[in-house]
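**Q** Below: one structure in structure tokens.
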Amino acid sequence: MSITCYNPHREEFYVGCGVKLFLVAPSSSAVELHTCGVIDNITKRPPEVKDEVINFEKAYITGVACNSAGLISIISNNKTIEVFDVEKRKLLASTVAIKRPTAIQMTDSHVIISDKTGDVYTYSVDLETRQYTLGCVSVIQDITLHDNNKYIVSCDRDEKIRISHFPNGYNIHKYLLSHSEFVYKIASLSDDRLISIGGSFLSRSLSLPCYLSL
């Protein structure tokens with residue numbers, strides 16, 4: 001399985017396949033950038049995370065995000081979170097999440113992850129600080145930033161799409177309840193439009209001014 005992120009500022013694709021991160025540009029072939037999830041690369045380890053929860057042998061990339069500054073953030077199924085500089089071809093920081101991450105987003109100053117317990121955390125780009133952003137009682141499947149990072153949108157196994165203010169995620173703006181099964185993916189198409197994919201591969205295009213399913 002491969003995970004892909006497109007950087008429109010640099011016109012590059014970043015592709016995670018297994019533990020390998022590749023750069024793919026229109027004018028060149030794929031270039032291997034980094035091997036992810038390596039225990040020895042961890043620069044910051046929270047005291048509540050024990051060694052036995054980090055398993056490189058079964059690691060693979062589960063999410064990739066990027067920003068306009070040429071940085072890539074990566075999550076793996078062994079709970080590692082990493083930030084990589086494309087220009088310098090250098091790993092800038094790596095840490096371990098408390099619970100297994102399920103999705104990742106990135107701005108020029110923050111890395112945002114959701115985890116399997118339904119919590120969302122915002123990290124500084126150097127992964128030195130972590131702040132609790134929001135939580136729900138269901139497993140969050142995906143997150144996206146919306147309307148120039150004004151909102152963070154999450155979707156979960158319990159049919160809900162939640163729009164919260166960012167970075168103050170406790171301030172809920174709206175729920176969208178057009179799905180009747182779990183919601184697997186959510187993406188921002190424009191300042192007034194989201195697209196979501198849920199159970200039975202049902203796709204919804206959501207117009208935000210009226211909060212209608214189209």
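**Q** Along Cα→Cβ, 7 Å out, is where each label goes; now give me the distance between the ones at residue 108 and residue 41 in nm to one decimal.
**A** If labels sit at residue 108 and residue 41, their model points lie 2.6 nm apart.
**Q** Given the alpha-carbon gyration tensor of the chain, what are the semi-axes of its equivalent ellipsoid in whole angstrom, ordered largest first, with each equal to the square root of 5 times an eigenvalue?
**A** Output for the chain: semi-axes of 27, 20, 16 Å.
**Q** If you don't mind, there's one more thing I want to ask. Take every DSSP beta bridge with both residues inside the chain and express the antiparallel ones as a percent of the total, to the nearest 5.
**A** Bridges in the chain are about 100 percent antiparallel.
**Q** Greater than 30 Å separation of Cα atoms is the criterion. Which listed pairs, 90/160; 58/88; 88/116; 20/116; 88/160, meet it? Before the final figure, lay out the partial values.
**A** Details: 90/160 38 Å; 58/88 28 Å; 88/116 32 Å; 20/116 23 Å; 88/160 40 Å.
The answer is 90/160; 88/116; 88/160.
**Q** Which cross-chain or sequence-distant (5 or more) residues have an amide H under 5 Å from the amide H of residue 93, H modelled 1.01 Å from N in plane?
**A** Counting only residues 5 or more places away or on other chains, the set is 83.
**Q** Shifting gears a bit: Could you work out the relative contact order of the chain? I mean the mean sequence separation of Cα pairs under 8 Å and 6+ apart, divided by the number of residues, in percent.
**A** About 10 percent, as a whole number.
**Q** I need the phi-derived Karplus couplings for the range 22-28: 6.51 cos²θ - 1.76 cosθ + 1.60, θ = phi - 60°, integer Hz, Gly and Pro marked x.
**A** Per-residue couplings from phi come out as 10, 9, 10, 10, x, 9, 8 Hz.
**Q** Right, next: So who's got an amide H within less than 5 Å of the one on residue 76, skipping anything under 5 residues away but keeping other chains? H placed 1.01 Å off N, in plane.
**A** 62
**Q** Another one. For residue 99, which sequence-distant residues (separation of 5 or more, or a different chain) have an amide H within less than 5 Å of its own amide H, given hydrogens modelled in the peptide plane?
**A** none
**Q** Which residue fluctuates most in the GNM of the chain (Cα springs below 10 Å): 154, 29, 73?
**A** Taking springs between Cα atoms under 10 Å, the residue moving most is 29.
**Q** Kindly sort 109, 124 by accessible area of their heavy atoms, largest first, with the probe set to 1.4 Å.
**A** 109, 124
**Q** If you don't mind, there's one more thing I want to ask. Of all alpha-carbon pairs in the range 28-144, indicate the percentage at a distance above 23 angstrom.
**A** Values: 1553 of 6786 pairs.
Counting every Cα pair in the range 28-144, those more than 23 Å apart make up 23 percent.
**Q** Right, here's the next one. In the Gaussian network model of the chain, springs joining C-alpha atoms below 10 Å, which of 59, 25, 93 carries the largest mean-square fluctuation?
**A** Highest fluctuation of the listed residues: 25.
**Q** Compute from the Cα atoms of the range 2-43 the Rg and the Dmax, the latter being the longest Cα-Cα distance, and quote both in angstrom.
**A** Reported Rg and Dmax, both Å: 11.5, 34.
The values are calculated or read from the model by the stated rules, or taken from the named source; none is laboratory data. Only a predicted model underlies this, so the values are computations on that prediction, with no experimental measurement involved. Because the Cβ atoms are built from the backbone with ideal geometry, glycine has one as well, and the counts that use them run over all protein chains shown. When the accessible area is computed, the model is the full protein with side chains, heavy atoms only, and any ligands, DNA or RNA have been set aside. Shrake-Rupley method; radii C 1.70, N 1.55, O 1.52, S 1.80 Å.
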